[in-house]
Amino acid sequence: MSSFQLNLNPLKEPLGFIKVLEWIASVFAFATCGGFKGKTEIQVACQTKPSDNKTITATFGYPFRLNEASFQPPQGVNVCHVDWKSYVLIGDYSSSAQFYVTFAVFVFLYCIAALLLYVGYMNLYRDSRKLPMVDFVVTLVATFLWLVSTSAWAKALTDIKTATGRSIVQELLPCKQLEVICHFGSVTSMGSLNVSVIFGFLNMILWGGNAWFVYKETSLHSPSNTSTSHSQGGIPPPTGI
């Protein structure tokens, strides 16, 4: 293998410049999803003291195993003689969330490796038939997986919003008792999760567009060295009679 030779010119070309954009977009994708922490609150009052509201809180976050997020009453307070800690949110969305974040991390690492190849071994990359083809196949697979993972995560996010929203008042068993009065309080804004979905689809567009520029580096688009040499010299074309 040839030695490392730093050359930043490929970053000025679409092949390298789009790879930088993909690297940045992948960081935003897994950071906005994997770093989320939130909580949903319910205002609870007993039938005997309807004006004395207490806040019951369920904290949740990545990887969004809501069925492990139990409700917590104020410390040292017995709210309507209910063991609130034994009640949890509904749903487990960890598979979609972890698939999305894990794939984004792998893309982040691949972009680093590809950029090192572009800026340090571009001559080796363009002289090889295998490296551009591998890059092209990975680009196509990544485009498809961005579509799949982002779509699955978008559907899971919609369900998470429902499971942590106003509907929990109807689903929570103690709230169905006559002596317990429940009102939905609030839920943490999920704007960052919405942004993660946007970056997921943005990544899909970037990788789909980059497929053309990677394809141009492969032997499928560029003529082989052998055919080029024959076209430039060698046996002359037959002359007419």
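Key figures for this structure:
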item: Principal-axis tilt of helix 14-34 within the chain, Cα atoms, nearest 10 degrees; result: 10 degrees
item: Per residue accessible area in Å² of the chain, where ligands, DNA and RNA are left out and the probe is 1.4 Å; result: 56 Å²
item: Estimated [θ] at 222 nm from DSSP helical runs (n ≥ 4, -39500 (n - 2.57)) normalised by residues in the chain, nearest 500; result: -17500 deg cm²/dmol
item: Extension gain (nm, one decimal) between Arg129 and Val77, 0.36 nm per residue minus Cα-Cα; result: 11.7 nm
item: For Lys176, solvent-accessible area (1.4 Å; no DNA, RNA or ligand), Å²; result: 130 Å²
item: Sequence-distant aspartates and glutamates (8 or more away, or on other chains) whose Cα lies within less than 17 Å of Lys19; result: Asp135, Glu217
item: Full-stretch length increase - Thr102, Leu178 - with 0.36 nm per residue and alpha-carbon distance subtracted; result: 22.8 nm
item: Contour excess over end-to-end distance, with Cα ends at Phe4 and Gln43 and 0.36 nm allotted per residue; result: 7.7 nm
item: Contact order normalised by residue count of the chain, Cα under 8 Å, 6+ apart, percent; result: 29 percent
item: Hz values of 3J(HN,Hα) by residue in the range 84-94 - Karplus curve (6.51, -1.76, 1.60), Gly and Pro given as x; result: 5, 5, 7, 10, 10, 6, 10, x, 10, 10, 5
item: Qualifying chymotrypsin sites (Phe, Trp or Tyr not before Pro) in the range 1-79, DSSP loop, other Cβ atoms within 10 Å at most 16; result: Phe4
item: Calculated from backbone phi, Karplus (6.51, -1.76, 1.60) coupling profile of the range 203-216 in Hz, x at Gly/Pro; result: 4, 4, 5, 4, 5, x, x, 5, 4, 5, 6, 6, 4, 5
item: Under 13 Å from the Cα of Lys161 - aspartates and glutamates, other chains or at least 8 residues apart; result: Asp92
item: Carbon plus sulfur fraction of accessible area for the range 56-111, probe 1.4 Å, in percent; result: 55 percent
item: Cα-centred dipole magnitude for the chain, charges only on beta-carbon of K, R (+1) and D, E (-1), debye, nearest 20; result: 140 debye
item: Lysine pairs within the range 26-150, Cα separation less than 21 Å, 8 or more sequence positions apart or different chains; result: 4
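The values are calculated or read from the model by the stated rules, or taken from the named source; none is laboratory data. Since we're looking at a predicted model, the values are computed, not measured. Don't worry about glycine lacking a Cβ; one is built from the backbone with ideal geometry, like all the others, and counts go over all protein chains shown. We work out accessible area using only protein heavy atoms, side chains counted, and drop any ligands, DNA or RNA first. Shrake-Rupley method; radii C 1.70, N 1.55, O 1.52, S 1.80 Å.
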